[in-house]
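Here is the structure we will look at, set down as structure tokens.
The values are calculated or read from the model by the stated rules, or taken from the named source; none is laboratory data. Everything quoted here is computed from the prediction, not taken from an experiment. Methodologically, a virtual Cβ is constructed for each residue, glycine included, from the backbone with ideal geometry; neighbour enumeration extends over all protein chains shown.
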């Protein structure tokens, strides 16, 4: 039995590999959004090598310098400086790090927790299912952003705190959707076969159920990436997210407000454009993945 | 039907219980609750007084019972900053928030419904594609950034609109657009799908078979029917708007409950923060409950599910 | 006016898939004619193209459909050459149609009177009050009790049978020349079905309508119609006067259909159903589309599609057995 299961898994891996590469050439694949996301990731990884200046230290004499192409702009600060004389380009580059780390960590943590609960709930059924789903539904009815603000106000700012806070607010969707998937997967032959062969419940959930619902979890995660990044920016903007002087894009917008009435547009336009570009790309990719892999998720 | 309503009421009760429990527990596990509950800069003696006042040395469940007791009496304590009853403070800020939400709703419907209808009538043509792009942009631009960009253009460059504050209709324009932006996209998407469903219905087919002009088919036979789910959603969204306005109200210094929450955070005015979350959360739970019941009354199929 | 009221000549309507790669010949080279006051039954299994033919006639096809060739002469002028605005003035006024599901055909948000009066107001420019008075009379004509009260009610207040009659009233409101009824009785129980068919028949006689009755039930056609046209996989396989075809069906498909309905004095214990499945309209078999199910199949049928042969006065058949030589 074990041998058969291992074989079928090996076969499915072999079959899955080329198809995973092939979808890049398939119709409607959002190439540009994917490239944008990839670029943002690379920028985040190689931020120290790419940034021309220290993002957290500025020269006060160089405050509010406009981008290089405007009068008073210098090539040294291609995209200008902020109210503390810090280089905007460098801050944007390091800001990508924060958005990528927070965004990915939140969807990974929330996805792992939600998927695990969804699988347990859907596979075990009975009172376990009842308890988990009642809590999930009740939690879904609560306003995620408000809860996040409250949590953030209590535990204080910090990147790891913001990840925990957003994950706490975002796991419910996974639990609901994955549970629904599990309910149909567990009736399939290979699961019944595994039960008959005497596999333990944990092993069945891990080896047979999880691989069959992971696609949905990934689609959902991609769709949520954008929302999470917007939420992080909002919390940072309010001062309950990433603490200064770190270069989070949301925090940059809050700082940029100081120069807004004086018309220092680059402090507002540039960080916001970065957020929009990343969220838009994630949404386009998520939409495509949803249609491609999971037509049932269409109502989300 | 009765069974469904009872079940749904139970769920709402669990939600409210979870909300209060979460907030209660979070205050107590995040370090010394006395520090949170006391004014910033309180002395050791003050902290001790707080501990006896809230009975922080007693068992948790007794503390929780007294916490709930206070909530039921609408007693949310005194604001450290404003020195007034928090519940009254919240109520005094609510009208401004409702005004902003109503204006934002108006904007979102005025934009969302016509674009949604055009997208549905011209499905898969260029009008539909533009609508899709518009909806995607709405969901991808943070509302506060939209607000900031508008300030830059309309206040700083053009000088047409005041950048913050309240009092005149002009003050209302930008906050309403910033807040309504995301919702306009959501309403457009729902109008489009609802309209597509109605356009495929037998009665619209019959209206066309009658030889009615297409404009009449759409404006009379499809429009009204397609609008029902949109307006239901708009009802929920009005309450949600009040609660997500915190960032937009902060950007435009709009004196609503969102701004109150922000001040509460900024001044470490804990009773205000706690009351804002509890009251806002309760409003959302109740509206969700109301809508679920309304839907079940309208559409009998829902009652038999789940 | 010379010539028939409606003359369809070699009409073809195809569905083209989104990428343009798959073409479904829903209506394929169909010719038909209909005189004033005549009743024509169009018979076929689901997917045989009956409904598409009706929708083509009114030019109410879904976007994926293309009218590829042919002519549809109505009172001597080709409907395919008309502009959309002219077509609109024909729909509901000159040619009316009752849909497959009359129960869902009424808009839940408007009163019955409003919906019955609507075509009168639009096509004849009648003022509201006149149109409503006519609507009340029409409800009386379709035998609805207390029409003065019913006009003010909403569809959900009425029974299924009543809603059905109202859809009928809407169809005849502008005194059309042609009434198309697309399986209007499938969702009804037998008693109401019989009443409704009688109502349609009476309306047809009293208004001297040309009735096109679409159904899969040959038994109903026998009661309702003078002419019958049998469709299979988008093609008209046999057409002619009902009596003639019932007595001497030329096409094996018609013969099989007739054997599958009970007749008076029939001593057989079981009815013979046609073996096999109707073809996938998107990829019909080569040659004659019926050949995989045909009991009299010949080699020629598998490769060559038969043209239309005249078998008797006003009776045509698309079958190699109907060639003048083989008869």
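Conditions tested, residue by residue: (1) out of contact with any strand residue (DSSP E or B) (no Cβ under 9 Å at 6 or more places or on another chain); (2) surrounded by fewer than 20 Cβ atoms within 10 Å (Cβ to Cβ); (3) over 18 Å from residue B:112 (Cβ atoms); (4) at pLDDT 90 or above.
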{"position": "B:133", "(1), (2), (3), (4)": "yes, yes, no, no"}
{"position": "B:138", "(1), (2), (3), (4)": "yes, no, no, no"}
{"position": "B:150", "(1), (2), (3), (4)": "yes, no, yes, yes"}
{"position": "B:156", "(1), (2), (3), (4)": "yes, yes, yes, no"}
{"position": "B:177", "(1), (2), (3), (4)": "yes, no, no, yes"}
{"position": "B:184", "(1), (2), (3), (4)": "yes, no, no, yes"}
{"position": "B:191", "(1), (2), (3), (4)": "yes, no, no, yes"}
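Residues being within 16 Å of residue C:115 (Cβ to Cβ) and not in a helix (DSSP H, G or I): count how many of those fall in the range C:151-166.
Total satisfying the criteria: 5.
If only one of C:66, C:94 is surrounded by fewer than 22 Cβ atoms within 10 Å (Cβ to Cβ) and in contact with a strand residue (DSSP E or B) (Cβ under 6 Å, 6 or more places away or on another chain), which one is it?
Of C:66, C:94, the one residue that is surrounded by fewer than 22 Cβ atoms within 10 Å (Cβ to Cβ) and in contact with a strand residue (DSSP E or B) (Cβ under 6 Å, 6 or more places away or on another chain) is C:66.
Condition test on residue C:101, is it in contact with a strand residue (DSSP E or B) (Cβ under 7 Å, 6 or more places away or on another chain) and either surrounded by fewer than 17 Cβ atoms within 10 Å (Cβ to Cβ) or in contact (Cβ under 8 Å) with a residue 24 or more places away in the chain (or both)?
The answer is no for residue C:101.
Taking into account only those residues within the range C:64-99 that are within 8 Å of chain B (Cβ to nearest Cβ) and in a loop (DSSP other than H, G, I, E, B), which is farthest from residue C:22 (Cα to Cα)?
Across the range C:64-99, the extreme among qualifying residues is C:93.
Please specify each residue of the range C:100-150 satisfying the condition of being facing chain B (nearest Cβ under 10 Å), in a loop (DSSP other than H, G, I, E, B) and over 28 Å from residue C:40 (Cβ atoms).
C:107, C:108, C:109, C:110
Taking the stated definitions as given, is residue A:241 closer than 23 Å to residue B:247 by Cα and either part of a helix (DSSP H, G or I) or facing another protein chain (nearest Cβ under 10 Å) (or both)?
Judged against the criteria, residue A:241 is not a match.
Consider residue A:215 against the criteria (1) surrounded by fewer than 20 Cβ atoms within 10 Å (Cβ to Cβ); (2) within 14 Å of chain B (Cβ to nearest Cβ); (3) in contact with a helix residue (DSSP H, G or I) (Cβ under 7 Å, 6 or more places away or on another chain); (4) over 30 Å from residue A:83 (Cα atoms): it satisfies all of them except one. Which criterion is unmet?
(2)
Pairs please, first residue from the range C:57-73 and without any contact (Cβ under 8 Å) to a residue 24 or more places away in the chain, second anywhere and assigned to a loop (DSSP other than H, G, I, E, B) and surrounded by fewer than 16 Cβ atoms within 10 Å (Cβ to Cβ), Cβ atoms under 9 Å, 6+ apart in sequence or on different chains.
The qualifying pairs are C:63/B:123; C:63/B:124.
If you take just the helices (runs of 4 or more DSSP H) that sit entirely in the range A:111-178, which of them hold at least 1 residues that are within 14 Å of another protein chain (Cβ to nearest Cβ), modelled with pLDDT of 85 or more and surrounded by 19 or more Cβ atoms within 10 Å (Cβ to Cβ)?
Those helices (runs of 4 or more DSSP H) span A:126-140, A:159-170.
Which helices (runs of 4 or more DSSP H) sit wholly inside the range B:1-111 and have at least 3 residues that are within 14 Å of another protein chain (Cβ to nearest Cβ) and surrounded by 13 or more Cβ atoms within 10 Å (Cβ to Cβ)?
Per the criteria, B:2-29, B:33-37.
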